[in-house]
Every structure is written in structure tokens, then in C-alpha cells.
Amino acid sequence: MFRKPAIAVSVGTVYILLYCFCLQNEEKLNIAFLLFSLFPIIIIWVTLTIIKFSSYEGRELNDEEWGYQDKEKEDLGRF
């Protein structure tokens, strides 16, 4: 549907906020139930959009690097 991950995430966020709003009003509980039943479809759509159309803009890791870009491995200490 949308090819930009930011739009998909925005639509998903508005959907969740609408669901929370409907939960607060007793007369809109039937709408909240409908939104709740469609929620897995929205989450799968947002996830697939992010996986398919987003791109990583950071630097690639070397073989000896393992994950954190903002700290050196020696600064992390032991876990």
C-alpha cells in the first residue's frame, strides 16, 4: 500500500491511538472490538513495509565488530 516506512508507522500509530480512544467510551466499544480484531493485520502490514522498503544508512560492521556504533567494545565492560 504505502512504500515509505514512515507513513506506515504513522498510520499504525494513529490506528492504535484511535483504538485507545474507543476503549475509553462505552458507546464505542463495538468499534474498539472491530479495531482489535483487525490489529494483527495492521501490525503485519507495518512490519512487512519496514522490512521490505526501509534501508539501513549506518556504516557496515567489520568482521571483528559486533553491534554498537556509539561505544567502543572496551568501554562497555563485562555483562
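We did not get these values from a lab; they are worked out from the coordinates using the rules stated. Computed from a predicted structure; not experimentally measured. Note: ideal-geometry Cβ built from the backbone for every residue, glycine included; neighbour counts use all protein chains shown.
Summary of computed values
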| read-out | value |
| --- | --- |
| Residue list for the stretch 1-46, restricted to those being surrounded by 13 or more Cβ atoms within 10 Å (Cβ to Cβ) and in a loop (DSSP other than H, G, I, E, B) | Phe2 |
| Count of residues meeting criterion [touching a residue at least 40 places away in the same chain (Cβ under 8 Å) and assigned to a loop (DSSP other than H, G, I, E, B)] in the stretch 47-62 | 1 |
| First in the stretch 1-27 and within 17 Å of Phe39 (Cβ to Cβ), second anywhere and assigned to a helix (DSSP H, G or I) and charged (D, E, K, R), Cβ under 8 Å, 6 or more apart | Phe21/Lys28; Cys22/Lys28 |
